[in-house]
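What follows is a short report on a single structure.
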Amino acid sequence: MIRTVHTKPYDDQKPGTSGLRKKVPVFQQEHYAENFIQSIFNSLEGFAGKTLVIGGDGRFYNREVIAKAIAIAAANGFGKVMVGQGGILSTPAVSNVIRKYKAFGGIILSASHNPGGPHEDFGIKYNIENGGPAPEKITDLIFAHTKKIAEFRIAEIGKLDIDTIGETEVAGMTVQVIDPVTDYAELMETLFDFDAIRALFKGGFRMHFDAMHAVTGPYAVEILEKRLGAPKGTARNFRPLEDFGGHHPDPNLVHAKHLYDDVMSPSGPDFGAASDGDGDRNMIIGKGMFVTPSDSLAIIAANATLAPGYAKGLAGIARSMPTSAAADRVAEKLGIGVYETPTGWKFFGNLLDAGKATVCGEESFGTGSNHVREKDGVWAVLFWLNILAARKESVMAIVEKHWADFGRNYYSRHDYEEVESARADALVAELRAKLASLPGTSVRGMTIAKADDFAYHDPVDGSVSKNQGIRILFEGGSRVVLRLSGTGTSGATLRVYFERYEADPARQHVETQTALADLIGAADDIAGIRKHTGRDKPTVIT
Ligand code: VG1
Ligand code: CO
């Protein structure tokens, strides 16, 4: 039976950098999730009889929203839903399933690296038929629909079993429960030299992969331990939990510090890696060497041909604007294109579809390629393993040689979380107002060459995205970028990014915050960060 239910719009359903993210109690309001899902479908055309992929990172409220999404999809005329067993599918796995089975699109239930639980975060994101996040023209349309929605359609489906692999009929629609890992693992086997990585483990190489009690646990157990023969115990915290064990499933030096400490201890493993809530982020640690995500992108690009899936070379590299320019130097040497996009994976889709870029990266622990249309945590880890197996050198040796060849881009991001929105807005407004007067002035002995608010002109579809982050570029190539986060769920988060290039190998071993101290000071002089936020230091430094 299909019902049409009258509803009232909510005014706060604007998708952010990566879909709609709110606290669970917000999503639990009457019809809140239903409105948003119906608004997604109201923004799409031509899906009658087609397939929708649904999966999530297993966080609290995942199953409830999956049941709603299936019931609303059935009532709106989809022919089939493919859902991960137990409601589990990592974000890159959803992207792969959409592409592999030529689905119309997919719905991902996740708030990524944000904590989970009854009072923590939840999210809904729509991905289009190329497997990637909906572009802005669709997310804008979804938002417009959420503001005027008056009814949604939903099928009565009773209790649905999403824990048993197989197919059932629900209100005239097929629901297929799929293994979350198999398709993804098969794709990885086509891209990387599994024999070489198997030999690496066989030779005694030891790693810890920390799934942070989030979605990548089952992927790591299957791929690393079963298919690649890594010893049992390589995958850690591999059981997805609704509250991620009470932690932030955010793979960085703050929330995965235990992993860093393990790898740095003399008796610890040779290599450490971690992924986030929904499996699209990665952190890479070698003995004595944490690899920044910006460097990781550059090193993957420089070594790409070592992996069978990339043996023919790269068409180009794309990176988000705040990501360091380390990859640009690799692109220059390889004689391939480099693209600078706004923050958020959705901007890479066109470049990948058009064959302009093969690998993409963000400073926020996101790396990926044209194999799917999302960033991909496990993929990045396997790429590193492939490089380590082929070069037979340590992470530290590989990174240091890379710096010697290309120079080092010192890089750090400072986050000021849960700042009062009005104060964060005031900081940005004041800074915008003085941008034009900055070029030519000097701060702490450094001269500002250019200052602007980044605007992106998509080279494929011609669309323009304005106000994507304030850049202050100094003579000599150093820069500071400031922007407000689009993924937070309480107050505002100010992100300040610092980058300084150092060509001289003799000066490439300074502690990062020390190497960037002048820029950090200059950013405060220019933007009045302490004054506006009322904070004397950032909440998180990565
Ligand atoms: C952050 C990161 C951005 C990333 C986004 C989604 O956005 O800075 O690079 O694409 O999270 O990541 P913001 O607007 O808060 O800075 V995640 O792993 O959702 O999937
Ligand atoms: Co994520």
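Would you compute, from DSSP H runs of 4+ residues alone, the mean residue ellipticity of the chain at 222 nm, taking -39500 (n - 2.57) per run and dividing by the full residue count, rounded to the nearest 500?
Taking each H run of at least 4 residues, the total per residue is -9000 deg cm²/dmol.
Using label points projected 7 Å from each Cα along Cα→Cβ, tell me how many nm separate Val464 and Glu186, to one decimal.
Modelled inter-label distance: 4.6 nm.
So, in nm, how far is label Glu169 from label Lys531 when the simple model puts each one 7 Å beyond its Cα toward the Cβ?
7.1
Given 0.36 nm per residue, what is the gain on full extension from Glu136 to Lys14 after removing their alpha carbon distance, in nm?
Contour length minus Cα-Cα distance gives 42.8 nm.
Average the reciprocal distances over every distinct pair of alpha-carbons in the stretch 408-541, invert the result, and give the Kirkwood radius in Å.
15.7
How high is the FRET efficiency between Lys159 and Thr512 when r is their beta carbon distance and R₀ equals 51 Å, given to the nearest 0.05?
After rounding to 0.05, the efficiency reads 0.45.
Which of the peptides 282-289, 10-17 is most tightly packed, and how do the rest follow, going by the mean number of other Cβ atoms within 10 Å of each residue?
Listed from highest to lowest mean packing, they are 282-289, 10-17.
What is the distance in Å between the Cα centres of the stretch 195-273 and the stretch 323-391?
After rounding, the separation between the Cα centres reads 22 Å.
Find the all-direction average of the projected area of the Cα convex hull for the stretch 53-140, expressing the result in square nanometres with one decimal place.
5.8
From the Cα gyration tensor of the stretch 277-375, with a ≥ b ≥ c the square roots of its eigenvalues, which class applies: rounded if a/c is under 1.5, or else prolate if a/b is larger than b/c, or else oblate?
In terms of gyration-tensor shape, rounded.
Sorting check: for 410-418, 159-167, 439-447, 217-225, which peptide has the highest mean count of neighbouring beta carbons within 10 Å, and how do the rest follow?
Taking the mean over residues of other Cβ atoms within 10 Å, the ranking is 217-225, 410-418, 439-447, 159-167.
Residues with amide H under 5 Å of His371's amide H, sequence separation 5 or more or different chain, H placed in the peptide plane at 1.01 Å from N; which?
Amide H neighbours of His371: none.
Assuming a ≥ b ≥ c are the square roots of the Cα gyration tensor eigenvalues, decide whether the stretch 2-179 counts as rounded (a/c under 1.5), prolate (otherwise, with a/b larger than b/c) or oblate.
Rounded.
Roughly how many nanometres apart are two label points built 7 Å out from the Cα toward the Cβ at His258 and Lys401?
3.5
Can you compute the charge dipole magnitude of the stretch 408-541 about its Cα centre, using +1 on each Lys and Arg Cβ and -1 on each Asp and Glu Cβ, nothing else charged? Give it in debye, rounded to the nearest 20.
It comes to approximately 180 debye.
Hey, got the dipole for the chain? About the Cα centre, +1 on K and R Cβ, -1 on D and E Cβ, debye to the nearest 20?
Approximately 380 debye in magnitude.
Work out the FRET efficiency for Ala426 and Ala311 from their Cβ-Cβ distance, taking R0 = 45 Å, and round it to the nearest 0.05.
FRET efficiency, Ala426 to Ala311: 0.30.
Can you run phi through the Karplus equation (6.51, -1.76, 1.60; θ = phi - 60°) for the stretch 13-26 and list ³J(HN,Hα) in whole Hz, with x for Gly and Pro?
9, 7, x, x, 3, 9, x, 8, 10, 8, 5, 3, x, 5
Using the Karplus curve 6.51 cos²θ - 1.76 cosθ + 1.60 with θ = phi - 60°, what ³J(HN,Hα) values do you get for each residue of the stretch 125-139, in whole Hz, with x for Gly and Pro?
These are the phi-based 3J(HN,Hα) values: 9, 9, 10, 8, 5, 6, x, x, x, 4, x, 4, 5, 7, 5 Hz.
Cα centroid distance between the stretch 7-61 and the stretch 514-542, in Å?
First find each Cα centre; the distance between them is then 37 Å.
Mind listing the phi-derived Karplus ³J(HN,Hα) values for the stretch 151-162, rounded to whole Hz, using 6.51, -1.76 and 1.60 with θ = phi - 60°, and x for any glycine or proline?
Karplus values, whole Hz, x for Gly and Pro: 7, 9, 10, 8, 8, 7, 10, x, 8, 10, 8, 10.
Which of the peptides 184-190, 70-76 is most tightly packed, and how do the rest follow, judged by the mean count of other Cβ atoms within 10 Å per residue?
Per-residue Cβ counts within 10 Å, averaged per peptide and sorted highest first, yield 70-76, 184-190.
Express as a percent, rounded to the nearest 5, the fraction of DSSP beta bridges in the chain (both residues included) that run antiparallel.
Within the chain, antiparallel bridges account for around 70 percent of the total.
If you wrap the chain's Cα atoms in a convex hull and average its projection over all directions, what's the area in nm²?
With the hull built on Cα positions only, its mean projection is 23.6 nm².
May I ask for the net charge around Pro459, where only other residues with Cβ less than 14 Å from the Cβ of Pro459 are counted and Lys, Arg are +1 while Asp, Glu are -1?
-3
Read-outs throughout are calculated quantities, based only on the coordinates presented, and are distinct from any laboratory measurement. Bear in mind the structure is a predicted one, so any value in this text is a computation, not a measurement. For neighbour counting, all protein chains shown are included, and Cβ atoms are generated from backbone atoms with ideal geometry for every residue, glycine included.
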